[in-house]
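J.: Could you have a look at this structure, given as structure tokens, before my questions?
The values are calculated or read from the model by the stated rules, or taken from the named source; none is laboratory data. If you're wondering where the values come from, they're calculated on a predicted model, not measured in any experiment. All Cβ positions, glycine included, derive from the backbone under ideal geometry; neighbour counts span all protein chains shown.
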Amino acid sequence: MKIVIAPQGFKGSLSAREVADAMARGIQHVLVNASMVLVPMADGGEGTVDALVSATRGRFITSEVTGPLGEKVVATWGILGDKSTAIIEMAAASGITLVPPDILNPMIATTYGTGELIRAALDEGCRKLIIGIGGSATNDGGAGMAQALGVRFLDDGGNELPRGGAALDRLKQIDVSGLDTRLAVCKVTVACDVTNPLCGVQGASLVYGPQKGATKDMCQQLDKALANYATVIKQELGIDITDMPGGGAAGGLGAGLVAFLSAELMPGIDIICEATRLSRHLEGAALVFTGEGRIDTQTIFGKTVTGVAARAKVSGVPVVAIAGELAITNEELNQYGIDAALSISPGPISLEESSTNASGLITNTTERALRLILITLEKQSSNGDS
């Protein structure tokens, strides 16, 4: 029996690879000779680098880059098994978790470090880039990223602007003559799971600014600055990023990647499924196990579990989902291709206990699910014979 194991990590507890390994142990307890294909998954957010590098047998690289407030940070990124595709999480260089809450400041925070990671990938010979965006501390529209790659942002006196979103209010001219020429032959794909535009009521500043430390006045200033940024980009580069769905992701980094790297914004799960060749792995499979830390109503909106299920259904493969917490009915999940979903909790236990013992609980739950499936198959077979 061929079984595909394609879970996301359980946030704060286990990586996607660790979850997959735990599920595999549960299967082996029942079917010693099962043919298992482990495909650690992600949706473009936290854990994407780890999942893709593991799934494709690539390699991890660490680079010292500029953090959100100018400090040096060590960021991990990866090169996939094809040796030509880089996978980068912007949060590793420009993420909100890198800044203590009491000094968050989106007025000056920069994506410069993300640009340095892109440059590092180019130096390694990569010409395909997958960039996961989300969890940013920044609101600079990707200007810092572009600066690290050679773009100059100038005021009306020809002076280069300092880093940070607030300075973009003074932007008058963009000089792209120094943009790294290697980018011209690169394919850049961005994992983006929000549809917010760059500016306005639903834009980067007004919606996400407060969680990055912006006051109401700061949000208004940043929105005005990004609107000017978009205007100058349209004038200088002929690219309209103002109302582009997803342009407001990661403080406007989505828009900046489109403007300066000709990037394509795509749902994260679609990128991950393509990079891991999930559909190919599903060929000939009898069953799929997937899962994530919490399965709820948000799961149906382009998350790993439903993304895996959609592709499994195309191949006619049943899907079982394992969750740390199950906050949605099986009936609802059935509509999205998930045949059964189980919580790892054996009874009333605390979140801390569940997290601490997640690996063993996942193994036990996977074993229990598989035994139930096999019992059902045996009964169906017996009824058919009679």
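J.: Of the residues 198, 168, 179, which is outside any loop (DSSP other than H, G, I, E, B) and surrounded by 14 or more Cβ atoms within 10 Å (Cβ to Cβ)?
T.: Values: 198 fails: outside any loop (DSSP other than H, G, I, E, B); 179 fails: outside any loop (DSSP other than H, G, I, E, B).
Among 198, 168, 179, only 168 is outside any loop (DSSP other than H, G, I, E, B) and surrounded by 14 or more Cβ atoms within 10 Å (Cβ to Cβ).
J.: Is there a residue being among the aliphatic types (A, V, I, L, M) and modelled with pLDDT of 80 or more anywhere in the range 342-354?
T.: Checking the range 342-354: at least one residue is among the aliphatic types (A, V, I, L, M) and modelled with pLDDT of 80 or more.
J.: Which of the following residues is surrounded by 21 or more Cβ atoms within 10 Å (Cβ to Cβ), of a type in the set (D, E, K, R) and in a helix (DSSP H, G or I): 43, 102, 50?
T.: Working: 43 fails: in a helix (DSSP H, G or I); 102 fails: surrounded by 21 or more Cβ atoms within 10 Å (Cβ to Cβ).
Residue meeting the stated conditions: 50.
J.: Now for a separate question. What are the pairs, 6+ residues apart or on separate chains, where a residue within the range 356-371 that is of a type in the set (D, E, K, R) has its Cβ under 7 Å from a residue that is surrounded by fewer than 17 Cβ atoms within 10 Å (Cβ to Cβ)?
T.: Matching pairs, first to second residue: 367/29; 367/30; 371/30.
J.: List the residue pairs whose Cβ atoms are under 6 Å apart, where the first residue sits in the range 95-121 and is polar (S, T, N, Q), the second is in a helix (DSSP H, G or I), and the two are 6 or more positions apart or on different chains.
T.: Sorted first by the residue in the range 95-121, then by its partner, the pairs are 110/144; 111/94; 111/144; 111/145; 111/253; 114/93; 114/94; 114/145.
The rows are residues; the columns are (1) within 22 Å of residue 135 (Cα to Cα); (2) not assigned by TED's automatic domain parsing to the domain that holds residue 322.
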| position | (1), (2) |
| --- | --- |
| 10 | yes, no |
| 15 | yes, no |
| 24 | no, no |
| 57 | no, yes |
| 60 | yes, yes |
| 65 | yes, yes |
| 69 | yes, yes |
| 83 | no, yes |
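J.: Within the range 365-379, can one find any residue that is among the hydrophobic types (A, V, I, L, M, F, W, C), over 18 Å from residue 27 (Cβ atoms) and out of contact with any Cys (no Cβ under 6 Å at 6 or more places or on another chain)? Quick ask: steps written out before the conclusion?
T.: At the first step, the residues of the range 365-379 found to be among the hydrophobic types (A, V, I, L, M, F, W, C) are 369-370, 372-375, 377.
Still in the list and also over 18 Å from residue 27 (Cβ atoms): none.
No, that holds for no residue.
J.: Would it be correct to say that residue 66 is under 19 Å from the mean Cα position of the chain (by Cα) and among the hydroxyl-bearing types (Ser, Thr, Tyr)? Walk me through how you get there before you give the answer.
T.: Numbers: under 19 Å from the mean Cα position of the chain (by Cα): no; among the hydroxyl-bearing types (Ser, Thr, Tyr): yes.
The answer is no for residue 66.
J.: OK, next. Cβ-Cβ distance below 6 Å, separation of 6 or more or different chains: which pairs start in the range 251-263 with a residue that is among the aromatic types (Phe, Trp, Tyr) and end on one that is buried (at least 24 other Cβ atoms within 10 Å of the Cβ) and not in a loop (DSSP other than H, G, I, E, B)?
T.: As it stands, the answer is 260/146, since those pairs meet every condition given.
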